[in-house]
Amino acid sequence: MKLRLSTPPLVLALSLAGFAGLTSCSDDGDSGSGGGSGTAKSPEKVTVWVMRDSVSEDFLGRFTKDFEQRHKKIQLDVQIQEWDGIGEKVTAALASKDAPDVIEVGNTQVAQYAASGGVKDLSDRVTDLKGSDWLPGLAEPGKIDGKQYGIPWYAANRVVLYNKDLFAKAGITKPPTTRDEWLSDTRKLNKGKTQGIYLPGQNWYTLAGFIWDEGGDLAVKDGDSWKGALDSPEALRGMAFYKTLQSLGKGPKDSDEAKPPQADVFAKGDVAQVVSVPGGAKLVEESTPALKGKIGFFPVPGKDASKPGSVFTGGSDLVIPEASAHQDAAYQVVKALAGTKWQTDMARTMSYVPNRTSLSKVVADDEGTAAMAAGAAQGHATPNSPEWAAVEATNPVKGYMTAVLTGTDPAKAAKDASASITKTLKK
């Protein structure tokens, strides 16, 4: 899905069944062989669909020039796609006989497209693409029923933005690294006119992280179908922590981070913390220049200091349609985009998290992105069901959260919400 302040990131899914004769290349696909049949007198024209604002024009220009220089027999036709109506457009393309060769798709959309058919299985290319090092929040949603359709491209996730002045005023010299420290520090901050944290009651992506930390999930596979799992003991513990943390501020219990925009709330200067993608800091600084340089970042704390807390990973995967007429060449494009050189360039250009955990060091000098990369190693995606988008359309998770925060018995509210999720996933 498209990454916004209130919702998480994008993904491109690819598949390569039938590429048995493809020659393995370097990490970035820079063999210069062209990846195609080698018999055509003119270059193969490979059409690549990229979503608007996913990457900059400069990045695409650099990539295209470099790729075509290294692959003399391939010509790239990069086409920018709009988010509005993209689901129907991709589904139609996958069912056609004249599909583009590479498509960027949101990481949580891979299951939907794979279910519709027309996406190639790239399981036999995972080793070549260094898949053992992929971020789990990108790799897992790209893998359906044991087959890897989506190839991780880039990621983004939430971190904690904090007001350095308010932390210093409260005597807090370093960010917390455990949940217990986080609660303790937030209570110190929650004094007078200062809100320890602004956490809206329906920030369900943040809740999902706490549930995953406890070993639970929003929904689980039940044989060949899915069922809601908010009523599991693990999920209930995650909600209990959310309720405690949310109480240490004045966030509304019946709305999410978009109503009102939490960047506007944080910009007033009396909120110590918000859970947001790092880009939220830029919005705050634009509206309140006095806060420039005074906003820090740290990963959402985990249950102990050994690792950060779990987070929802948004981002994009790359997919290759079955109907692509240039599948070998398309794979070379995917391999280059997913390889070290262009992952490094994109991460530094766009402040994204690279697709591999070992590449997190390339963003170490950017405080916000570094915090995001640390959290991404503990990333997850929403349940890998083709029907999950329908759950989000009505989103019983939000209503469940408000019910618990306003006094409804958590077990009953969770049971009702889980039943709603199960009903939708079985459609």
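Let me know the charge dipole size of region 253-368 about its Cα centre in debye, to the nearest 20, where only the beta-carbon of Lys, Arg (+1) and Asp, Glu (-1) is charged.
300 debye
Which entries of K294/K398; K253/K412; K130/K221 show an alpha-carbon separation above 22 angstrom in the structure shown?
Over 22 Å apart, Cα to Cα: K294/K398; K130/K221.
Might you report the magnitude of the Cβ-based charge dipole of region 202-304 about its Cα centre, with Lys and Arg at +1 and Asp and Glu at -1, to the nearest 20 debye?
In debye, rounded to 20, region 202-304 gives about 400.
In what sequence, highest mean first, do 127-136, 331-340 appear when ranked by Cβ atoms within 10 angstrom?
My ranking of the peptides, most packed first, is 331-340, 127-136.
Who wins for biggest fluctuation among V300, V391, V319 in a Gaussian network model of the chain, springs between alpha carbons below 10 Å?
Between V300, V391, V319, it is V391 that shows the largest mean-square fluctuation.
Choose one answer from D224, D270, D53: the residue with the largest mean-square fluctuation in a GNM of the chain with alpha-carbon springs under 10 Å.
Sorting by GNM fluctuation, first place goes to D224.
So what is the 222 nm mean residue ellipticity for the chain from helices alone, if each DSSP H run of at least 4 adds -39500 (n - 2.57) and you divide by all residues, rounding to the nearest 500 deg cm²/dmol?
Only helices count here, giving -10500 deg cm²/dmol.
For the chain, what does the relative contact order come out to in percent, with C-alpha contacts under 8 Å and a separation of six or more?
28 percent
Between A330, A403, A373, which gets the highest mean-square fluctuation from a Gaussian network model of the chain, Cα cutoff 10 Å?
A403
Restricting to the chain, what percent of DSSP beta bridges are antiparallel, rounded to 5?
In the chain, approximately 65 percent of DSSP beta bridges are antiparallel ones.
Before I look further, what does the chain give for accessible area per residue, probe 1.4 Å, in whole square angstrom?
I get 40 Å² per residue for this part.
Got a number for carbon plus sulfur as a percent of the chain's accessible area, 1.4 Å probe?
Carbon and sulfur atoms account for 50 percent of the accessible area of the chain.
Would any residue of region 113-154 have its amide N under 18 Å from a label point 7 Å out along Cα→Cβ of A95? List them or say none.
Flagged as within label range: 113-120.
Which of the lysines could a cross-linker bridge to K97, judged by Cα under 17 Å and excluding same-chain residues fewer than eight apart?
K45, K89, K120
Please work out the C-alpha center-to-center distance from region 267-283 to region 358-424 and express it in whole Å.
Here the two parts' Cα centres lie 20 Å apart.
Rounded to the nearest 20 debye, what is the charge dipole size of region 294-352 about its Cα centre when +1 sits on each Lys and Arg Cβ and -1 on each Asp and Glu Cβ?
The dipole magnitude comes to about 400 debye.
The values are calculated or read from the model by the stated rules, or taken from the named source; none is laboratory data. The model shown is predicted, which means the values in this text are computed figures rather than measured ones. Don't worry about glycine lacking a Cβ; one is built from the backbone with ideal geometry, like all the others, and counts go over all protein chains shown. To get the accessible areas, we keep the full protein, side chains included, count just its heavy atoms, and leave off ligands, DNA and RNA. Shrake-Rupley method; radii C 1.70, N 1.55, O 1.52, S 1.80 Å.
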